[in-house]
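The values are calculated or read from the model by the stated rules, or taken from the named source; none is laboratory data. This is a predicted model, so every value here is computed, not measured. Every residue, glycine as well, gets a Cβ built from its backbone with ideal geometry; the counts of neighbours run over all protein chains shown.
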Amino acid sequence: MAQTDIKRIIRSGILAFLRNGFVSLASVLVITITLFVIGSLIFFSAIMDATLGQIKNKVDVDVYFALSAPEAEVLSLKRSLEGLPEVKTVTYTSRDEALAQFRERHAGDFLTLQALDELEENPLGASLNILAQETSQYESIALFLEDKSKLSEGENTKIIDKVNYYQNKVAIDRLTKIIASAETLGFVIVLVMALIAAIITFSTIRLAIYTSREEIGVMRLVGANKKYIQGPFIVGGFLYGLISSAIVLVIFLPVTLWLGRATEQFFGGINIFTYYIENFGQIFVIVVSSGVILGTVSSFFAVRRYLTPKYLKT
Amino acid sequence: MIYFDKVSKIYSGDIIALDDINFSVTPGEFVSIVGQSGAGKTTLLKMLLIEESPSSGSVFFESTDIHALHSNDVSEFRRRIGIIFQDFRLLPHKTAYENVAFAMEVSGKSDEEIESDVPQVLELVDLGDKMWNFPHELSGGEKQRVAIARAIINQPDIIIADEPTGNLDPLNTHEIIEILKKINDMGTTVLLTTHNKGVIDSLMRRVITLDRGRIIRDDKQGRYVL
C-alpha cells in the first residue's frame with residue numbers, strides 16, 4: 001500500500017473521530033469502563049496473591065529435637081532439608097534461644113518462670129521451623145523427616161522428638177484445598193469479567209459503525225475499495241483504545257492512592273498504590289495493548305460485515 | 001458501450017421488477033429513462049452499478065459482463081461511472097471539498113492533482129464559496145451540485161443520474177439539467193431517470209419508457225408519454 005494511501009486513511013480516521021463527536025465519546029466511554037475492569041482485575045489478582053501468600057506463610061512445620069540431640073547432627077539435618085526443592089526456608093532455634101524465647105513469652109507469668117528456675121537443666125530442645133514452597137508439599141517433607149528419624153534410630157538414640165505436622169495435618173490439608181479453589185475461582189472471575197467487557201466493547205463499536213452503514217454504501221458506490229473504507233474505522237478504533245487507556249491509567253492514580261491504605265490493612269499487607277507505581281510498566285503495557293486490540297479488532301470485524309458482499313443489496 | 005441482454009429481475013414473492021430488458025447505449029448518448037413509480041427505472045440503474053444482481057440475463061459494459069466481475073474488481077469498475085442520486089448521498093462528516101476529493105483519493109490520484117482539480121470542478125458547479133461547508137449547511141440544489149462535482153471529477157465514461165431533480169425546485173432543476181447537458185456535450189454518456197415531463201420534453205434526446213418492468217417505447221427524440 002502506497003504511503004499516500006496510509007496517510008489519507010490515517011487523516012480520514014482522525015477527522016472522522018473528531019467530527020463524529022458523540023459516537024466517539026460513547027465508544028471511548030465504554031472502552032474506558034472495560035479497561036478499568038481489566039485493570040482492576042490486575043489489582044484483584046495482586047491482592048489475592050498476596051493474601052493467599054500470607055496464609056501460606058502462616059502454615060509451617062516444626063521439628064522438635066530430643067534434649068540429647070547433638071547440635072552438629074541437627075545442623076546437618078537442616079542442611080539436607082535446605083537441599084530439598086520443596087523447602088523454602090529452614091530456621092534453626094538452638095536450645096538457648098528456645099529458652100530465651102520462652103522466658104520472653106512468659107515475661108509476666110512469674111509462677112512459670114519460677115518453676116523454670118527450679119530446674120537445673122534447660123528443659124527445652126532445639127527446633128527447626130520449616131516453610132515449604134507450597135502447602136501441599138508438607139506431607140513429603142514430613143515423610144523425609146520420618147525416614148531420617150528411622151535411620152538415626154539404628155545408629156544410636158533417636159534425635160527427633162516430635163514433628164508437629166501430624167497434629168496439624170487436617171488443618172493444613174483443608175487450607176491447601178481452600179487456597180487451590182480460591183486460586184481457581186480468582187482465575188475464572190478474571191476470565192469471565194474480561195470476556196464480558198470485551199463483548200460489551202464489541203457490541204458498542206458495532207452499533208457505532210451501524211450508524212455509518214449508509215456512508216459505507218456511498219463509499220462503495222463511489223468506487224472506494226475495502227482498505228479505503230475499513231482503514232479509517234480501524235484508525236478510529238485504535239484512537240478509542242489509546243485515549244481510553246490513557247484515561248484509565250490516569251484514573252488509577254487517585255483511585256489506588258485512595259484505596260492503598262485500606263488494602264494494606266485489610267488484605268495481606270499489599271498497598272495497591274505502591275503496587276501500581278512499582279508495576280507501572282507492566283500495567284501500562286497490559287492496559288494500552290488491551291485497549292488498542294479491543295478497539296481495532298472490534299472495528300475491523302464490525303466494518304467487514306458491510307464490505308464482504310459483492311452486491312450492496314442481495 | 002452498455003448492453004442489457006434479456007435482463008430480468010424477480011424479487012421474492014414473484015414481484016417482477018424487470019422483465020426481459022434489451023437495449024444498448026452508444027458512447028456520447030444522452031438517454032432518459034421514464035416511467036411511473038415502480039416501473040423498474042431504479043432497479044435498471046442498480047443493475048448497472050452492481051448494486052443488485054439480475055435474476056436472468058447479462059449486463060455488458062464494453063465487452064465485460066459486469067456481473068461476472070470478481071468482487072475485488074467491482075470498485076475499480078464503479079470508478080468509471082459517476083453517480084448522482086435523488087437524495088444526494090453525500091458523506092455527512094466531510095466538507096463539500098472532501099466529498100469531491102474522496103472520489104479522487106479512492107482512485108489513487110496524487111495530492112497535487114486533487115488540490116488543483118477539486119476547486120476547479122466546484123467552481124464549475126458554482127460552489128467555489130461553499131467549498132468548506134458540510135452537507136447539512138448546504139441547500140438541496142447545492143448538495144446536488146456537490147454530488148455532480150463528485151460524479152464528474154474522475155472524468156467517468158458514463159454519468160448515471162437517478163431522479164437527480166426529484167427533490168429540487170424548478171430553478172434548481174433547470175440548472176442541474178443544464179449541467180448534465182454540458183457534461184454530455186463534452187462527450188460523456190449520460191443516463192437519466194426522471195418523473196419530470198418538462199425536463200424530458202425540453203431535452204429532445206433519446207427516451208426509453210418503462211412500464212411494469214418492460215420497455216414499451218424507445219424513441220430517438222422522444223417526449224414524455226405515459
* Go through (1) in a helix (DSSP H, G or I); (2) within 19 Å of residue A:166 (Cα to Cα); (3) β-branched (Val, Ile, Thr) and name the single condition residue A:130 misses. => (1)
* To do: Among the residues of segment B:30-63, write down those that are over 22 Å from residue B:165 (Cβ atoms), away from every other protein chain (no Cβ under 12 Å) and under 18 Å from the mean Cα position of the chain (by Cα).
  => B:59, B:60, B:61, B:62
* Structure fact -> Reported set for segment A:80-96 where residues are part of a loop (DSSP other than H, G, I, E, B) and closer than 21 Å to residue A:56 by Cα is A:83, A:84, A:85, A:86
* **Unique residue being more than 30 Å from residue B:160 (Cα to Cα) and within 14 Å of chain B (Cβ to nearest Cβ) when the list is A:281, A:236** => A:236
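Condition first: on the phi < 0 side of the Ramachandran plot, touching a strand residue (DSSP E or B) at 6+ places or on another chain (Cβ under 7 Å) and modelled with pLDDT under 95. Can you find one or more residues in segment B:88-98 that meet it? Let's see the steps before the verdict.
Within segment B:88-98, the subset on the phi < 0 side of the Ramachandran plot is B:90-98.
Filter again for touching a strand residue (DSSP E or B) at 6+ places or on another chain (Cβ under 7 Å), leaving none.
Scanning segment B:88-98 turns up no residue that is on the phi < 0 side of the Ramachandran plot, touching a strand residue (DSSP E or B) at 6+ places or on another chain (Cβ under 7 Å) and modelled with pLDDT under 95.
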* To do: Give A:189, A:196 a once-over and let me know the one that is touching a Phe, Trp or Tyr at 6+ places or on another chain (Cβ under 8 Å) and at pLDDT 85 or above.
  => A:189
* To do: Answer yes if at least one residue in segment A:223-238 is without any contact (Cβ under 8 Å) to a residue 12 or more places away in the chain, of a type outside the set (S, T, N, Q) and in a helix (DSSP H, G or I), and no otherwise.
  => no
* All positions within segment B:200-211 that are surrounded by fewer than 21 Cβ atoms within 10 Å (Cβ to Cβ) and in contact with a helix residue (DSSP H, G or I) (Cβ under 9 Å, 6 or more places away or on another chain) -> B:202, B:205
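Per-residue answers, yes or no, for (1) over 30 Å from residue A:279 (Cα atoms); (2) more than 14 Å from every other protein chain (Cβ to nearest Cβ); (3) within 21 Å of the chain's Cα centre (by Cα):
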{"position": "A:160", "(1), (2), (3)": "yes, yes, no"}
{"position": "A:182", "(1), (2), (3)": "no, yes, yes"}
{"position": "A:190", "(1), (2), (3)": "no, yes, yes"}
{"position": "A:193", "(1), (2), (3)": "no, yes, yes"}
{"position": "A:199", "(1), (2), (3)": "no, yes, no"}
{"position": "A:218", "(1), (2), (3)": "yes, no, no"}
{"position": "A:222", "(1), (2), (3)": "yes, no, no"}
{"position": "A:242", "(1), (2), (3)": "no, yes, no"}
* Structure fact -> All-but-one check, residue B:58 against (1) among the hydroxyl-bearing types (Ser, Thr, Tyr); (2) more than 17 Å from residue A:223 (Cβ to Cβ); (3) crowded, with 19+ Cβ neighbours inside 10 Å, failing number (3)
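Quick grid of which residues meet (1) out of contact with any helix residue (DSSP H, G or I) (no Cβ under 7 Å at 6 or more places or on another chain); (2) within 14 Å of another protein chain (Cβ to nearest Cβ); (3) buried (at least 21 other Cβ atoms within 10 Å of the Cβ); (4) in a helix (DSSP H, G or I):
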{"residue": "A:11", "(1), (2), (3), (4)": "yes, yes, no, yes"}
{"residue": "A:17", "(1), (2), (3), (4)": "no, yes, yes, yes"}
{"residue": "A:24", "(1), (2), (3), (4)": "no, yes, no, yes"}
{"residue": "A:27", "(1), (2), (3), (4)": "no, no, yes, yes"}
{"residue": "A:38", "(1), (2), (3), (4)": "no, no, yes, yes"}
{"residue": "A:41", "(1), (2), (3), (4)": "no, no, no, yes"}
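If the requirement is being within 14 Å of chain A (Cβ to nearest Cβ), within 27 Å of residue A:7 (Cβ to Cβ), in contact (Cβ under 8 Å) with a residue 12 or more places away in the chain and surrounded by 22 or more Cβ atoms within 10 Å (Cβ to Cβ), which of these qualifies: B:149, B:161? Working first, answer last.
Details: B:161 fails: within 27 Å of residue A:7 (Cβ to Cβ).
One residue alone meets the criteria, B:149.
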* Select from segment A:43-89 the residues that are buried (at least 16 other Cβ atoms within 10 Å of the Cβ) and of a type in the set (Ser, Thr, Tyr) and write down the one among them that is nearest to residue A:279 (Cα to Cα). => A:51
* Return the residue satisfying two criteria in turn: it lies in segment B:79-121 and is more than 11 Å from chain A (Cβ to nearest Cβ) and in contact with a Lys or Arg (Cβ under 8 Å, 6 or more places away or on another chain), and of such residues it is farthest from residue A:9 (Cα to Cα). => B:117
